[in-house]
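The values are calculated or read from the model by the stated rules, or taken from the named source; none is laboratory data. In this text, all values refer to a predicted model and were calculated from it rather than measured experimentally. Glycine gets a Cβ as well: all are built from the backbone with ideal geometry, and neighbour counts include every protein chain shown.
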Amino acid sequence: MIVGIVGKANVGKSTFFKSMTLASIEIANYPFVTIKPNHGIGFVRIPCVDKFFNTQCNPRVGYCVDHNRFVPIDLIDVAGLVPGAHEGKGMGNQFLNDLNQADALIHVIDVSGGTNEKGEPVRPLSYDPANDIKFLEVELDHWYFGILNKGWERLARQIQQEHSIVQRVLAKQLGGLGVDEEMMKAALKELNLADKIVIQWTEDDLFKLASYLRKRTKPMIIAANKMDVPGAKDNYLRLRADFPHLSIIPCSAESELALKEANKHGLIKYIPGDTDFKITPEGEAKLSDKQKQALNFIKANVLEKYVEGTGVQSVLNATVFGLLKLITIFPGGVNKLADKDGNVLPDCFLLKQGSTALDFAYKIHTDLGDNFVKAIDVKTKRALGKEHVLNNGDVIEIITSK
């Protein structure tokens, strides 16, 4: 699973990406500082099940702090998009194609209105960030439309002449974007295209189909960045009212990055997603008065103002658990929570809501699925059949015939 970070140039995308990953990337105050996509690892935060067992886990990947488990997620940060990107403006086609592999998108906007449509810095509150929300959806829809429309007349004639199943052919055409046959079938039904002769589909029909598929294969959340700028809150509240169908989360990537860097160097104790931090004894000795003032500014103007803290952790969590509707499942044993190397609860898997015990077995290893006998809920010690639907936070042992 990959989460893509998208948006206009110079809205703080690279800062947002670095605040999630602490990756070493270039950050500057001008458009197109990111040319090639940056890949990195971010972490969703969940309550760790180790607390249930009154123990301390030690993950093989990710980490755990005060019984807060951080599970790794692949992230990709593409260069800033501009209006007309689907036509190739600003190297737009290249950047859009970089998003092919993304399962969900985080759209970073400058909610302070301090970046114009070209990605150039302007006076805060002088630009309407609502324009950015609208433009990106249009660009993505046109991107999908371009892929669907390519060679459409030939494809439509082929479907008609060979009496092919429409959803099967079109799903194959868009398979690289995550479209499958069931999704295409639902789309045709909802858009009243299922009973319409393919060669009679209009350009408007194709565009509506492209938009429908884009929303389902690239669900998107809005990261309203630069909330620490005076006046940004009013813009945020207006956007929430104007786009009630979207998930818009206030955040300050710059604040998150500052806190993580300070925590990394032992100057403060900060857990990503928390609404507070504490200066350590080392920090008290090493931090200058100016640095302490900066930290106090973050506390007063970001952490204490918004229930989401800096908002960065909330954005990633909302993307993975809200948009993609995933759950976390831990492998473990009734008699032993550690693996052969002594790692307690070493792994945590992300599965789709509605996944069964058998799905989980196959997620771990094909052999476990092929030789599945039963599963055991380690918390309750109850035996589970292969069709048992798992719940978020379950700890499951798989019993096989081999």
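Checking T34, T15 one by one, the residue that is polar (S, T, N, Q), surrounded by fewer than 23 Cβ atoms within 10 Å (Cβ to Cβ), modelled with pLDDT of 90 or more and touching an Asp or Glu at 6+ places or on another chain (Cβ under 8 Å) is T15 and no other.
Residue-by-condition table, conditions (1) over 30 Å from V3 (Cβ atoms); (2) among the charged types (D, E, K, R):
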position: D180; (1), (2): no, yes
position: M184; (1), (2): no, no
position: K196; (1), (2): yes, yes
position: I199; (1), (2): yes, no
position: R214; (1), (2): no, yes
position: A224; (1), (2): no, no
position: A232; (1), (2): no, no
position: L237; (1), (2): no, no
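For region 111-128, which positions are at pLDDT below 95 and of a type in the set (G, A, S)? G119 - this is the single residue of region 111-128 that is at pLDDT below 95 and of a type in the set (G, A, S). Of all residues in region 280-324, those satisfying the criterion of being crowded, with 16+ Cβ neighbours inside 10 Å and of a type in the set (S, T, Y) are T280, Y306, T310, S314, T319.
Note down all Cβ pairs under 7 Å where the first residue falls in region 96-109 and is farther than 9 Å from G4 by Cβ, the second is at pLDDT below 80 and not hydrophobic (A, V, I, L, M, F, W, C), and they're at least six residues apart or on different chains. Close Cβ pairs satisfying both conditions: L96/H86.
As an exercise: evaluate L188 against (1) under 20 Å from the mean Cα position of the chain (by Cα); (2) within 21 Å of G146 (Cα to Cα) and give the number of the one condition it does not meet. All conditions are met except number (1).
Please find, among L358, L368, the residue that is in contact with a Phe, Trp or Tyr (Cβ under 6 Å, 6 or more places away or on another chain) and farther than 24 Å from R216 by Cβ.
Working: L368 fails: in contact with a Phe, Trp or Tyr (Cβ under 6 Å, 6 or more places away or on another chain).
It is L358.
If the condition is being farther than 30 Å from D180 by Cα and within 23 Å of the chain's Cα centre (by Cα), then region 217-232 contributes A224, N225, K226, M227, D228. I'd like to check something: does region 221-239 contain any residue that is polar (S, T, N, Q) and within 30 Å of N296 (Cβ to Cβ)? Yes, region 221-239 contains at least one residue that is polar (S, T, N, Q) and within 30 Å of N296 (Cβ to Cβ). Within region 328-367, the residues that satisfy the criterion of being surrounded by fewer than 22 Cβ atoms within 10 Å (Cβ to Cβ) and part of a helix (DSSP H, G or I) are L358, D359, Y362, K363, I364, T366, D367.
With the structure loaded, tell me whether L246 is at pLDDT below 95, under 25 Å from N10 (Cα atoms) and either out of contact with any Pro (no Cβ under 8 Å at 6 or more places or on another chain) or surrounded by 22 or more Cβ atoms within 10 Å (Cβ to Cβ) (or both) or whether it fails that test. Break it down stepwise before answering.
Working: at pLDDT below 95: yes; under 25 Å from N10 (Cα atoms): yes; either out of contact with any Pro (no Cβ under 8 Å at 6 or more places or on another chain) or surrounded by 22 or more Cβ atoms within 10 Å (Cβ to Cβ) (or both): yes.
So L246 fits the description; yes.
Filtering region 192-214 to residues that are within 25 Å of F243 (Cβ to Cβ) and surrounded by 15 or more Cβ atoms within 10 Å (Cβ to Cβ) leaves F207, K208, L209, A210, S211, Y212, L213, R214. Scanning region 368-394 for residues that are among the small types (G, A, S) and touching a residue at least 24 places away in the same chain (Cβ under 8 Å) returns A375, G385, G393.
Looking at region 197-211, which of the residues that are in a helix (DSSP H, G or I) and of a type in the set (S, T, N, Q) is nearest to W152 (Cα to Cα)? Steps first, please.
Initial filter on region 197-211 (in a helix (DSSP H, G or I)): 198-200, 203-211.
Now narrow it down to the ones that are of a type in the set (S, T, N, Q): 200, 211.
Values: Q200: 12, S211: 16 Å.
Selected residue: Q200.
Of the residues making up region 368-402, those that are outside any strand (DSSP E or B) and farther than 29 Å from F70 by Cβ number 7.
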